[in-house]
Amino acid sequence: MFTVAALYRFATFADPQATAADLRALCADLGTRGTLILAREGINGTVAGTADAIDQLVAHIRALPGCADVDVKYATADSAPFGKMKVKVKAEIVTLGAGDLDPAHQAGIHLDPTDWNALIADPDTVIIDTRNAYEVAVGTFENAIDPATRSFREFPAWFDDFAAKLRDEGRSPKIAMFCTGGIRCEKSTALVKARGFEEVYHLKGGILRYLEEMPQAQSRWQGDCYVFDERVAVGHGLKQGHYATCSACGLPYPRDTDHDCPGGDADGAWPHRG
């Protein structure tokens with residue numbers, strides 16, 4: 001049995017290359033597999049290993065500057081969900097390309113699953129799925145808007161167009177945003193607030209925490225949640241879902257169904273048809 005830890009933290013790393021070198025050595029000693037991404041703005045990644053190895057790795061990360069409260073979501077897998085261990089240094093821990101944002105101090109208001117349910121039940125709340133189109137196709141919250149993006153970099157342009165429409169309608173609604181584990185929402189809600197919207201919220205811990213904590217009978221989630229490992233998708237209780245990965249294009253499709261892979265629709269939305 002493997003323990004899987006998905007984690008991120010916006011913090012300030014003066015020397016991310018040195019921090020990454022230390023983590024590479026530790027991960028090699030612990031035998032963990034997965035990916036960690038570091039930048040001056042913090043750390044992000046998903047790793048798997050024995051329970052003891054993951055405990056040691058998380059303890060090391062919590063000791064890094066500003067990372068004592070790193071957000072970690074745990075799951076288990078029967079087989080190794082990653083083939084090797086990668087520790088990378090990039091310009092951003094999640095690439096939005098929207099310039100100088102400060103998610104550590106400017107992100108939206110975090111809501112737990114119960115408060116989130118109450119917010120999105122309000123018909124005046126605008127609900128935005130910040131993930132990419134192939135992820136949304138696997139599952140999403142009812143009444144959520146799908147920006148139909150191919151990558152997170154496309155989100156700022158989409159939102160600017162959407163914000164212009166809201167302003168043309170004279171609207172400044174409450175905006176509820178969500179993503180897989182919370183990290184994309186830290187940046188996207190900071191972006192939305194920087195664009196002048198005040199009532200901006202996001203789901204604390206993302207969809208994964210929601211599916212872990214929210215009883216299915218009270219859930220407003222529809223479908224499964226795409227994850228970036230060999231589990232492909234998970235459902236309530238973080239149980240493995242009903243999706244496989246297409247060997248031709250790498251996108252998910254429902255297991256035990258015939259599917260057609262034309263290599264992607266013109267809009268990049270969802271190439272597989274059951």
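The values are calculated or read from the model by the stated rules, or taken from the named source; none is laboratory data. All of these numbers come straight from a predicted model, not from anything done at the bench. Virtual Cβ from ideal backbone geometry, glycine too; neighbours counted across all protein chains shown. Heads up: the accessible areas ignore ligands, DNA and RNA and are worked out on the full protein's heavy atoms, side chains in. Shrake-Rupley method; radii C 1.70, N 1.55, O 1.52, S 1.80 Å.
Observations, loosely collected:
- Qualifying residue in region 94-103 (condition: not assigned by the TED database to the domain that holds residue 188 and not in a loop (DSSP other than H, G, I, E, B)): yes
- Unique match (being open to solvent by less than 10 Å² (accessible area, probe 1.4 Å), closer than 16 Å to residue 141 by Cα and without any contact (Cβ under 8 Å) to a residue 40 or more places away in the chain) among 203, 211: 211
- Residues that are part of a strand (DSSP E or B) and either without any contact (Cβ under 8 Å) to a residue 40 or more places away in the chain or not polar (S, T, N, Q) (or both), drawn from region 29-42: 33, 34, 36, 37, 38, 39, 42
- Selection status of residue 88, open to solvent by 60 Å² or more (accessible area, probe 1.4 Å), touching a residue at least 40 places away in the same chain (Cβ under 8 Å) and charged (D, E, K, R): yes
- Residue in region 94-107 that is within 24 Å of residue 209 (Cβ to Cβ), β-branched (Val, Ile, Thr) and surrounded by fewer than 17 Cβ atoms within 10 Å (Cβ to Cβ) present: yes
- Within region 1-48, being among the β-branched types (Val, Ile, Thr) and either crowded, with 19+ Cβ neighbours inside 10 Å or in contact with a strand residue (DSSP E or B) (Cβ under 7 Å, 6 or more places away or on another chain) (or both) holds for 3, 4, 19, 32, 35, 37, 43, 46, 47.
- Checking each residue in region 56-75 for being on the phi < 0 side of the Ramachandran plot and either surrounded by fewer than 14 Cβ atoms within 10 Å (Cβ to Cβ) or of a type in the set (Gly, Ala, Ser) (or both) picks out 59, 63, 65, 68, 69, 75.
- Any hit, region 43-61, residues being over 26 Å from residue 240 (Cβ atoms), outside any helix (DSSP H, G or I) and in contact (Cβ under 8 Å) with a residue 60 or more places away in the chain: no
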